[in-house]
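The values are calculated or read from the model by the stated rules, or taken from the named source; none is laboratory data. If you're wondering where the values come from, they're calculated on a predicted model, not measured in any experiment. Positions of Cβ are generated from backbone atoms using ideal geometry, with glycine treated the same way; all protein chains shown enter the neighbour counts. Surface accessibility is based on the protein's heavy atoms, side chains included, excluding ligands, DNA and RNA. Shrake-Rupley method; radii C 1.70, N 1.55, O 1.52, S 1.80 Å.
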Amino acid sequence: MSLIPFSSKLIADVGISLGDEGKGRLIYEVIEELAQTTGRPDAVNIVMKVNGGANSGHTAGGLKLNLIPAGVGGKHVAHLIVGSGVVADPRKFLWEGKPLEAKGYPIFSRLRIDERTQVSDLCHRLLDLAWEHYRAHVIGETPRGSTGRGITPAYQDEVGQFQIHYAEFRGDRATYARKLAQRADRALRVIQHVCQVPEEIFSGFFDTLTNAERRANADGIDAGIFPASEFDFVRFRGAEPFTLNLKEIEETYWRAGSALAANVVDIRDIVRASLRDGHYLIGEFGQSYWLDKRHGFAPNVTASHTFSPELFQSAGLPVQPVHTFGVCKAYDTKVGTHRFLTEMDDNHPLTKRLKQMEFGTSTGRQRMVGWFDAVEKGDALRYGGFQDLMINKSDALGLGPDWQSGELLVCHAYRAADGSLVRGVPRDDSVRARLRPDYLRLPGWQGDISGVRSFAKLPPEARRYVAVMMKSILEVAFRDGWPAEDRDLPNLRYLGVGPEPSQIIKDVPSTRELMAMA
């Protein structure tokens, strides 16, 4: 069995593809496992959102979450922490938290927002839309496919030293109002003069945001938790072109921020005390290794750091051992305008099946689907490092009435124009663009595996497919030499065979045994 002890009480839950890997569900598996192995129901005391903002969605325990940490359903998780590496709209905490409380989940009694977490607001969302317009209509490039949640502009304020921290909501309103007015002035100047947004387009931004949030919060509106007017952004539009109703914005955001003032704390001592008392902390990351603002491929990256080192910065901890959990699917998906080397043919019957289930949690956008790219995951291991692996959605690949015979493909390397094999991801995207996937072809399996709970009971073709995924990842990661000790090999800890918490196989053979199967 692969359930070997965790190597640290700090556990990083990271993606190793391009997002949407199912990182949210991992949290409950780790909580359950540690409760059983330690005999302490409260073994995991903290689930902490490490990076990003409301652009990173997780579906966990049947709940769709954007901003609040995905440990919501953990009854013994005492602290739902939002770290200083996050940018967060205070209204979004309320929009997400109140419906969860109505469903019986205690949120605000457990929510801890670091005082250095940055406030994002309407100004950033308007800038987000304006920069998309600039890309498409001023410089003639393909838009990034932003979520429109204002994440990148919020991080630009951090780099530009124009931060507004959540600590402001514990202070005086006049100071907050002055900083907000300066932020609004900068945003409007950029929108009008740099992004060159026409008046009518700028006016339409407010309708765009209204429609997006009413759609995203339809359940809360239907349940009577919020009036539809709560999501009216048109009231923030000024009477003249390129102006804002600053008084209304100030009142709305100050009221939301003040409602959270008791949740704003210095999280560092909470984290230290929890670890000192023998508890575990799960760091929940948004996006994935290949969307990191430094290691991904611009412009299709996020604005934060998306891998385990950011845990220390966001939590305010000294660097120390961390147990990193790499999460991916048994096939690949992408949203936006990423170069997708392993994208499936739209006419393939499996493509049609997968697209019926693949939509972004944050945006509802249709995801592209592709064959499993072991090169990306192997380089995430090689340069980012992870001790454990979780592979989700293997159940989606079985043969069925819509696809009765065929092969499953695993990209184990790329092939260059001269025919040579490339066993890594080039850092120069113009080089990567000229590569083509080199596939291993494996037979598919018959039957539904969503009810299987033991690896040995999977069809032999499914077992081999899993083994080949692992071997291909490791061959990329250790292409210049294998670890001397088996304990230094990453471990496939969980194999997902369905979306429900119970649909997990946990008795996966050791990595060496999987290598032999492949």
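Taking (1) over 23 Å from Q366 (Cβ atoms); (2) surrounded by fewer than 24 Cβ atoms within 10 Å (Cβ to Cβ); (3) touching a residue at least 24 places away in the same chain (Cβ under 8 Å) in turn, P69 satisfies each apart from (2). Could you go through the stretch 257-267 and let me know if any residue there is farther than 29 Å from R170 by Cα and touching a strand residue (DSSP E or B) at 6+ places or on another chain (Cβ under 8 Å). There is no residue in the stretch 257-267 that is farther than 29 Å from R170 by Cα and touching a strand residue (DSSP E or B) at 6+ places or on another chain (Cβ under 8 Å). Give the stretch 160-178 a look and list any residue that's surrounded by fewer than 16 Cβ atoms within 10 Å (Cβ to Cβ) and part of a helix (DSSP H, G or I), or say none. Correct list: R170, R173, A174, T175, R178.
Scan the strands (runs of 3 or more DSSP E) fully inside the stretch 301-379 and keep the ones with 1 or more residues being modelled with pLDDT under 95.
Hits in the stretch 301-379: 332-334, 368-370.
Only one of the numbered conditions (1) open to solvent by 10 Å² or more (accessible area, probe 1.4 Å); (2) touching a residue at least 40 places away in the same chain (Cβ under 8 Å); (3) farther than 13 Å from V410 by Cα is not met by R434, and that is (2). All of A78, A35 fail the test of being on the phi < 0 side of the Ramachandran plot and touching a strand residue (DSSP E or B) at 6+ places or on another chain (Cβ under 7 Å), apart from A78.
Looking at E200, is it of a type in the set (D, E), without any contact (Cβ under 8 Å) to a residue 12 or more places away in the chain, assigned to a helix (DSSP H, G or I) and exposed (fewer than 14 other Cβ atoms within 10 Å of the Cβ)? So E200 passes the test.
Selection of the stretch 290-325 for residues being under 15 Å from the mean Cα position of the chain (by Cα) and surrounded by fewer than 17 Cβ atoms within 10 Å (Cβ to Cβ) yields only K293.
Of everything in the stretch 202-250 that's out of contact with any strand residue (DSSP E or B) (no Cβ under 9 Å at 6 or more places or on another chain) and of a type in the set (S, T, N, Q), which residue is nearest to P99 (Cα to Cα)? Residue satisfying both the conditions and the ranking: N217.
Name the residues in the stretch 120-133 that are open to solvent by less than 60 Å² (accessible area, probe 1.4 Å) and either more than 30 Å from F169 (Cβ to Cβ) or part of a helix (DSSP H, G or I) (or both), would you? Selection gives L122, C123, H124, R125, L126, L127, D128, L129, A130, E132, H133.
Screening the stretch 242-267 for residues that are over 20 Å from W95 (Cβ atoms) and in contact (Cβ under 8 Å) with a residue 60 or more places away in the chain and picking the one that is surrounded by the most Cβ atoms within 10 Å (Cβ to Cβ) gives I267. Of all residues being assigned to a loop (DSSP other than H, G, I, E, B) and among the charged types (D, E, K, R) in the stretch 134-145, which is surrounded by the most Cβ atoms within 10 Å (Cβ to Cβ)? Just the residue, please. For the stretch 134-145, the residue satisfying everything is R144. Whether a residue is of a type outside the set (D, E) and touching a Leu at 6+ places or on another chain (Cβ under 7 Å) was assessed, and A70 does not pass this test.
Checking V476, V466, V452 one by one, the residue that is open to solvent by 10 Å² or more (accessible area, probe 1.4 Å), at pLDDT 95 or above and β-branched (V, I, T) is V452 and no other. Highlighted here are the strands (runs of 3 or more DSSP E) found entirely within the stretch 1-119 that include at least 2 residues which are over 30 Å from E230 (Cα atoms): 10-15, 44-49.
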